[in-house]
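Inspection log for the structure reproduced underneath, given as structure tokens.
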Amino acid sequence: MNPLIPFLQASGVVILDGGLATELERRGADLRDPLWSAKLLLENPDLIRQVHHDYLAAGAEVITSASYQATIPGLNQRGLNHAQAADVLRLSVQLAQQARDDFLLRSTPGRGAEGEGGTRPDSDSHLQPEVDEVSVSDTPHPHPQPLSQRERGARRPALVAASIGCYGAFLHDGSEYRGDYGLSLQQLIDWHRPRLEILAASGADLLACETIPCLREAEALVKLLADYPSTPAWLSFSCQDEARLCHGDQFSEAVQLANDSANIIAVGVNCTAPRFIEGLLESTADVAKKPLLVYPNSGETWDASRQCWQGTTGAVDWSDAVKRWHRAGARLLGGCCRTTPATIRTLANVLRPT
């Protein structure tokens, strides 16, 4: 079953979450590490759960796991064996599920923070991967803040999307904005398979194959997903302008590829400058057969050598932008790097005014 259907039937739109790493850094996390935000799966998983919760409070209907840069080879390089690395991947999904369950307990009328006869799931101790020589924080869950009107409103449970980052994210050299891997189609299939297999069986509602910079990698993911016919996924690309993926392939070709895949339930663009989004959507108006999704970054450029964002945001008016993107065909809308819960609250207020 397509888990997006109830949301789309109810209102015609789905609100996605925003940048995870951005918000973790804003709360004091040091992510200067090849694992990036996935580093906190080992060091402070509760902070990840808190950010998931805050995106739900802002109005997100899909929250994405912290597995974008968590790969088996990357975790192996940190000293984890395959079983330990698999536990970390599963933990990324469990944290999002816990945040969703906790949010529902707090937002259901007549139920307090501890629910009905149960305790609040504060401890992750039964979920932590058994990792040798890896410090896992036991930071306590903060005291609940007063619920907003949006939190108190009864909503259907949010979806959890397990993030499948591109091969370039593992390289940690900015390749997700170039796609110049030099790998064959089969090599990309073989590289993606171990993580995808684990996350497909993790209990996530769908997979988020995201920041894909080239058509070849998209082809590899589509072929691989066909081996897991009951696993829905979205396919999202990083783009260099209003018509092309970062590697130079036509975005319209990428959308056509998604059309032909039974697994793909939505296709679109992420971690791309907002100024290109409307043109990209319009370029596929006569091609797309699946719901279109957009979750752009703030418009800055990633400097891989300095490990930081450079340039200006272009002063994005998110209230105006989301209206234009929706008119241009987007049905799943959110944010990527350099966006925050405040960004998602703005989108939610525009798309679902209270």
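Answer yes or no: is there a residue in region 69-79 that is over 21 Å from P341 (Cβ atoms), at pLDDT 95 or above, among the β-branched types (V, I, T) and assigned to a helix (DSSP H, G or I). Checked against the condition, which is being over 21 Å from P341 (Cβ atoms), at pLDDT 95 or above, among the β-branched types (V, I, T) and assigned to a helix (DSSP H, G or I), region 69-79 yields at least one hit. Of all residues being over 25 Å from F7 (Cα atoms) and acidic (D, E) in region 157-208, which is modelled with the lowest pLDDT? Just the residue, please. Here the answer is E176. Filter region 323-354 for residues that are small (G, A, S) and closer than 21 Å to W234 by Cβ; which is farthest from the chain's Cα centre (by Cα)? Filtering region 323-354 for residues that are small (G, A, S) and closer than 21 Å to W234 by Cβ, the one farthest from the chain's Cα centre (by Cα) comes out as A328. Report yes if some residue within region 220-240 is farther than 20 Å from A266 by Cβ and either buried (at least 23 other Cβ atoms within 10 Å of the Cβ) or of a type in the set (F, W, Y) (or both); otherwise report no. Looking through region 220-240, none of the residues is farther than 20 Å from A266 by Cβ and either buried (at least 23 other Cβ atoms within 10 Å of the Cβ) or of a type in the set (F, W, Y) (or both).
Taking the criterion of being surrounded by fewer than 24 Cβ atoms within 10 Å (Cβ to Cβ) and within 21 Å of L225 (Cβ to Cβ), the residues of region 241-254 that qualify are H247, D249, S252, E253.
Is region 4-26 home to any residue that is hydrophobic (A, V, I, L, M, F, W, C), farther than 22 Å from G168 by Cβ, touching a strand residue (DSSP E or B) at 6+ places or on another chain (Cβ under 8 Å) and surrounded by fewer than 17 Cβ atoms within 10 Å (Cβ to Cβ)? Yes - at least one qualifying residue is present in region 4-26. Total residues in region 255-312 satisfying the condition of being under 19 Å from S175 (Cα atoms), modelled with pLDDT of 85 or more and surrounded by fewer than 23 Cβ atoms within 10 Å (Cβ to Cβ): the figure is 1. Does S65 satisfy being surrounded by 24 or more Cβ atoms within 10 Å (Cβ to Cβ), in contact with a Ser or Thr (Cβ under 8 Å, 6 or more places away or on another chain) and hydroxyl-bearing (S, T, Y)? Considered against the rule, which asks whether it is surrounded by 24 or more Cβ atoms within 10 Å (Cβ to Cβ), in contact with a Ser or Thr (Cβ under 8 Å, 6 or more places away or on another chain) and hydroxyl-bearing (S, T, Y), S65 comes out as yes. For region 68-95, a tally of residues being surrounded by fewer than 24 Cβ atoms within 10 Å (Cβ to Cβ), among the polar types (S, T, N, Q) and within 14 Å of A201 (Cα to Cα) returns 1. Number of residues in region 41-64 that are outside any helix (DSSP H, G or I) and at negative phi: the value is 6.
The values are calculated or read from the model by the stated rules, or taken from the named source; none is laboratory data. The structure presented is a predicted model; accordingly, all values stated were derived computationally and were not measured. In this analysis, Cβ positions are derived from the backbone assuming ideal geometry, glycine residues included, and neighbour counts consider all displayed protein chains.
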